[in-house]
Amino acid sequence: MPEKSIIIIGGGIAGLSAGCYGQMNGFRTRIFEMHKKPGGLCTSWKRQDYLVDGCIHWLVGSDPQSNFYKIWEELGAIQGREFVYAEQYGRIEDADGKTFNLYSNIDRLERHMKELAPEDHKVIDEFITAVRRCTRFVSPIEKAPEVSGLLDMLKLIITQFPLLRMLWKWNRISLSEFGKRFQSPLIREAFPLMFMPDFPMTFMLMTFAWLHNRAAGYPVGGSLEFSRAIEQRYRSLGGEIQYRAKVVKILVENGRAVGIKLADGTEHRADYVISAADGHATIFDLLEGKHVDDTIRDYYDTLIPFPPLVYVSLGVNRKFNDVPQCSGGMAIQLRSPIMIGTVEQKYLNAHIYNFDPTLAPEGRTLLTVMFQTDYAYWKKLRENDELYKAEKERIADIVVTLLDRRFPGLAAQVEMRDVATPTTFERYTGNWKGSFEGWQVTPNTWSIGKVMRKTLPNLDNFYMAGQWVEPGGGLPPAAMSGRNVMQIICKKERKKFTTIK
Ligand SMILES: Cc1cc2nc3c(=O)[nH]c(=O)nc-3n(C[C@H](O)[C@H](O)[C@H](O)COP(=O)(O)OP(=O)(O)OC[C@H]3O[C@@H](n4cnc5c(N)ncnc54)[C@H](O)[C@@H]3O)c2cc1C
């Protein structure tokens with residue numbers, strides 16, 4: 001039998017992953033990527049002598065103990081890679097210089113929190129005990145839920161009962177709700193800032209558990225190098241990738257996806273089509289909204305995407321050896337809030353890459369600052385080139401001034417400035433409203449364990465992969481989603497799903 005063919009739209013982590021597993025399972029796959037490089041959001045870009053990193057702060061699965069490690073290994077992403085496990089994942093500094101250090105080691109974190117806020121020892125105990133419990137859990141990811149049977153489900157419930165019980169309890173509490181239980185003003189305010197305030201506590205508990213287990217490190221060399229390793233793996237498995245190839249239409253015949261049309265007018269056909277591109281564009285543009293039902297409509301009407309970012313990068317002629325390494329960044333409280341778009345910012349969320357010398361020339365350091373902002377403001381502003389550029393300059397000036405207050409002398413040492421806005425993210429990756437991670441998960445919108453459909457109504461031989469079908473987003477779910485889709489296709493083709501290391 002000739003091998004069956006698969007077209008994959010998008011060469012981000014999900015698309016590359018789908019491609020790798022497709023090749024491992026004897027399909028002929030082709031990825032069409034509109035950008036000129038792989039990785040999608042998992043990227044870096046050159047500015048003068050600096051490499052601006054645009055993504056990874058922590059990679060779940062960096063350690064062989066972690067279940068995600070196997071996936072990264074199969075994708076060739078992790079072999080030989082050096083990881084940094086910072087003593088502090090992050091830190092939050094209030095305007096008076098008081099600091100809440102997010103130590104990766106739980107015992108150290110517990111001691112520190114109790115020193116900072118002895119009055120909160122009870123709630124600290126509750127939090128730390130829950131994190132300790134999570135360090136023992138290994139969530140099952142080997143088999144896609146879509147191909148799991150009743151027996152698998154029963155096995156899951158029996159073997160993972162303690163984990164499911166934990167999820168049940170903590171999924172219903174958001175970070176900001178839990179933060180209110182602290183009396184210490186610093187921890188109370190800082191707690192929701194560690195991730196997204198509306199995230200369920202489960203994310204926080206699992207994150208600290210991964211950090212404690214040294215299972216979520218920062219890969220030296222940054223995000224593009226990481227993506228390129230998967231691209232190389234894909235090519236070495238015989239996969240084909242075409243860059244600067246924007247898909248404008250998914251071809252459908254008799255209720256079956258049969259191929260794609262590119263912006264240059266060419267058409268390409270295959271037995272299956274997987275879209276690992278933006279969800280909204282896939283459903284409402286490439287398929288012209290012809291394959292939606294109430295469930296799909298409900299996702300796009302009610303779920304909340306991660307907000308878009310203004311991402312300021314600075315190349316600074318200075319080392320920051322005296323500043324603790326924090327791959328998750330430091331949040332510096334501002335004496336008076338600033339406005340980015342229409343969103344008030346009370347903190348400056350800075351990443352000082354003093355843990356990755358490959359991003360800057362000798363003796364210099366890359367700094368990035370992330371602001372969550374609103375899409376509509378930037379979309380409108382982008383219509384006027386002059387105003388848009390001026391606003392970017394204004395923001396860069398503000399960031400330099402504020403950082404100079406914290407690190408005196410910095411303003412004179414800045415030799416590279418770069419500002420990416422929500423429209424930059426949209427232009428380069430096509431993500432809906434410039435979102436940086438797909439759907440947010442909140443206690444009210446999505447329960448962990450619930451699976452989002454990867455198919456569309458009345459459309460055969462078509463699947464979706466990536467952050468828009470994995471609420472909560474992130475690199476491991478993107479990679480897993482490409483793998484899971486291939487398990488679904490293998491099942492349909494009555495093939496045994498296989499992986500090669
Ligand atoms: C600043 C930042 C920090 C982050 N930090 C972390 C972190 O520390 N850890 C973590 O796990 N995650 C992190 N993330 C999230 C993570 O990067 C994403 O969730 C993940 O990369 C999504 O991968 P994806 O393949 O699903 O989507 P994408 O990366 O969006 O890939 C989609 C691809 O499809 C292409 N495409 C779109 N439309 C078309 C079309 N019409 N035709 C052809 N190609 C098309 C795009 O160009 C893109 O390459 C971060 C993201 C950002 C922006």
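The values are calculated or read from the model by the stated rules, or taken from the named source; none is laboratory data. No experiment lies behind these values; they were computed from the predicted model shown. So basically every Cβ, Gly included, is an ideal-geometry build from the backbone, and we count neighbours across all protein chains shown. When the accessible area is computed, the model is the full protein with side chains, heavy atoms only, and any ligands, DNA or RNA have been set aside. Shrake-Rupley method; radii C 1.70, N 1.55, O 1.52, S 1.80 Å.
A DSSP coil position with no more than 12 other Cβ atoms inside 10 Å describes the following GluC sites (Glu not before Pro) in segment 204-288: E288.
3J(HN,Hα) along segment 153-161: 5, 4, 4, 4, 4, 6, 6, 10, 4 Hz, from the Karplus curve 6.51 cos²θ - 1.76 cosθ + 1.60 with θ = phi - 60°, whole Hz, x for Gly and Pro. Using the Stokes-Einstein relation with a Kirkwood hydrodynamic radius computed over Cα pairs, the translational diffusion coefficient of the chain at 37 °C and a viscosity of 0.692 mPa s comes to 139 µm²/s.
If you roll a 1.4 Å probe over the heavy atoms of the protein chains, what accessible area per residue do you get for the chain, in Å²?
Result: 43 Å² per residue.
Each Lys and Arg adds +1 at its Cβ and each Asp and Glu adds -1 at its Cβ; summed about the Cα centre, segment 182-289 shows a dipole of about 300 debye. In segment 424-501, a dipole from Cβ-located charges (positive for Lys and Arg, negative for Asp and Glu) runs towards its positive end, and of T442, N484, G473 it is N484 whose Cα lies farthest in that direction.
Listed by chain and number, the lysines placed with their C-alpha closer than 19 angstrom to that of K169 are K122, K180, K450; residues fewer than eight positions away on the same chain are left out.
Only Cα pairs under 8 Å and 6+ residues apart enter the sum, and on that basis the relative contact order of segment 342-399 stands at 30 percent.
Over all orientations, segment 313-388 has a Cα convex hull whose mean projected area works out to 6.6 square nanometres. Along its three principal directions, the equivalent ellipsoid of segment 391-462 from the Cα gyration tensor extends over semi-axes of 41, 17, 9 Å, largest first. Evaluate E = 1/(1 + (r/R0)^6) for L164 and K496, where r is the Cβ-Cβ distance and R0 equals 25 Å; express this FRET efficiency to the nearest 0.05. Efficiency computed from Cβ-Cβ geometry: 0.30. Please identify which residues in segment 223-261 have an amide N closer than 20 Å to a label point set 7 Å out from the Cα of E288, following the Cα→Cβ vector. Of the residues in segment 223-261, 246-261 have backbone N under 20 Å from the label point off E288.
Once C-alpha pairs closer than 8 Å and six or more residues apart are averaged by separation and normalised to the residue number of segment 354-434, the relative contact order reads 26 percent. You can think of it this way: the chain between N444 and V147 has 104.2 nm of extra reach, that is 0.36 nm per residue less the Cα-Cα gap.
Using only side-chain charges placed at the Cβ, +1 for Lys and Arg and -1 for Asp and Glu, the dipole size of segment 2-80 relative to its Cα centre rounds to 340 debye.
Modelled label positions at E362 and E253, each set 7 Å beyond Cα in the direction of Cβ, lie 6.2 nm from each other. Label-to-label distance for E393 and R47 is 1.6 nm, based on points extended 7 Å past Cα in the beta-carbon direction. What's the FRET efficiency of A411 with T342 using the Cβ-Cβ distance as r and R₀ = 35 Å, to the nearest 0.05? Step by step, r from the Cβ atoms, then E = 0.80. In segment 271-409, the ratio of gyration radius to Kirkwood radius, Rg to Rh, stands at 1.09 when only Cα atoms are counted. When the helices of the chain are scored as -39500 (n - 2.57) per DSSP H run of n ≥ 4 and the total is divided over every residue, the value at 222 nm lands at -10000 deg cm²/dmol.
Computed from backbone phi, the HN-Hα couplings of segment 208-224 come to 5, 5, 5, 4, 4, 6, 6, 10, 9, x, 9, x, 4, x, x, 6, 5 Hz, rounded to whole numbers (Karplus: 6.51 cos²θ - 1.76 cosθ + 1.60, θ = phi - 60°; Gly and Pro given as x).
Here the label points at K37 and D125, each 7 Å from Cα along the C-beta direction, are separated by 5.1 nm in the simple model.
Rounded to the nearest 5, what is the percent of antiparallel bridges among the DSSP beta bridges in the chain? Percent antiparallel among DSSP bridges in the chain is about 70.
How much accessible area does H57 have with a 1.4 Å probe, in Å² rounded to the nearest 10? Answer for H57: close to 30 Å² accessible. Ranking of H291, H212 by solvent-accessible surface, largest first: H212, H291 (1.4 Å probe, protein heavy atoms only, all chains present).
Treating each Cα of segment 349-501 as one equal point scatterer and applying the Debye formula with no solvent, the log10 of I(q)/I(0) at q = 0.09, 0.11 Å⁻¹ comes out as -0.49, -0.68.
Could you name the lysines in cross-link range of K392, using Cα to Cα under 29 Å and dropping any fewer than eight places away on the same chain? Result set, ordered by chain and number: K36, K37, K46, K246, K319, K346, K379, K380, K433. Using a probe radius of 1.4 angstrom, the carbon and sulfur fraction of the accessible surface of segment 119-207 is 62%.
Listed peptides 432-439, 362-369, 391-398 appear in the order 432-439, 362-369, 391-398 once ranked by packing, highest mean of other Cβ atoms within 10 Å at the front.
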